[in-house]
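Heads up: the structure comes next, in C-alpha cells.
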Amino acid sequence: MTPTTPQLVLLAAAVAVLLLAAATIGVVAYRRHRARRALLDPIEAIAAQYLRDVLLPDGNGGWFHVDFLLLTSIGLVVLDLRDFPGMVFGSEQMVEWTVMQKQRRFTFPNPLGPLYDRLAVVRALAGEGVPVEGRVVFTDKSSFPKGHPAPVLRLASLTANLPAPVAPAIDALRPAWARVSAVASPSPSSLRRG
C-alpha cells in the first residue's frame, strides 16, 4: 500500500518535530556540559584530587556539607561555591551580605562563618600539622564593586590564588587526604547556586 500525500506530509512533520526536539536536547546538554567544564576546569588546574558535594562528620554525631574539598600543593582546601549574579556587598563583620541585580536586591547570610566551621572539621579529620585553607568562591557572574574579604574570590581568580599541583607537596599530603576521604560520604544536597 502506497502512502497518500496527506500521510507523507504528516510523516514529514513528525520527523521535523523529532529532529527539532533532538536538536534542542543536544543544545541544552552542550550548554550544561560547557557550564560544568567552566566550573571544573579551574578546580582541576589547582587540585591533584578533589571531592565534590560530600558530607563530613563533625565528631559530635552531625555532618557538614562541603561543596568541594581539594588536595593541593598548599594543603587541603575547602571551597564553598556561590552563584549569585549581580553586585555583591559584604565584609567579614557583616551578618548578612547583599546582592544587587538590575531590578532586585536580596540578602544572604555571611558565608565566612560556615566556611570556618567546615575548616575546623577538616582540620580535625586531617590531623595535626596538616595545612587546611578555605575559600568562598563566587562564579564570574558576581562582582564586588567595594572589594571582598581575603578568603573570598571569584572563580576566574582561583588559579591565580592557588598554585598548580606539585608532586612532592602532594605526596606529603596524601595520608591526610586518605584520612579525610575515607570518612566522606556523598551529600544529598547539591551545590548551592543561589
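The values are calculated or read from the model by the stated rules, or taken from the named source; none is laboratory data. This one's a predicted model, so the numbers in the text were calculated from it and none came from an experiment. A quick note on method: Cβ atoms are made from the backbone with ideal geometry, for glycine too, and the neighbour counts reach across all protein chains shown.
A search for C-beta distances below 8 Å between a residue of the range 119-144 that is closer than 17 Å to Ser73 by Cβ and any residue that is charged (D, E, K, R), counting only pairs 6+ apart in sequence or on different chains, returns Ala126/Arg179; Val130/Arg123; Val132/Arg123; Gly134/Asp80; Gly134/Arg118; Arg135/Asp80. Among the candidates Leu39, Leu8, single out the residue that is at pLDDT below 85, out of contact with any Cys (no Cβ under 8 Å at 6 or more places or on another chain) and closer than 22 Å to Ala150 by Cα. Selected residue: Leu39, the only one of Leu39, Leu8 that is at pLDDT below 85, out of contact with any Cys (no Cβ under 8 Å at 6 or more places or on another chain) and closer than 22 Å to Ala150 by Cα.
Only residues that are among the β-branched types (Val, Ile, Thr), within 19 Å of the chain's Cα centre (by Cα) and over 15 Å from Asp80 (Cα atoms) were counted in the range 130-148, giving 0.
Does Leu76 satisfy the condition of being buried (at least 19 other Cβ atoms within 10 Å of the Cβ), at pLDDT 95 or above and not in a strand (DSSP E or B)? Taking the combined requirement at face value, the residue does not satisfy it. Of all the listed residues (Pro111, Pro131, Pro188, Pro175), the sole one being of a type outside the set (Lys, Arg), closer than 23 Å to Gly59 by Cα, at pLDDT 95 or above and out of contact with any strand residue (DSSP E or B) (no Cβ under 7 Å at 6 or more places or on another chain) is Pro175. Restricting the range 59-96 to residues that are in contact with a Phe, Trp or Tyr (Cβ under 6 Å, 6 or more places away or on another chain) and of a type in the set (A, V, I, L, M, F, W, C) leaves a set whose member that is farthest from Gly134 (Cα to Cα) is Val88.
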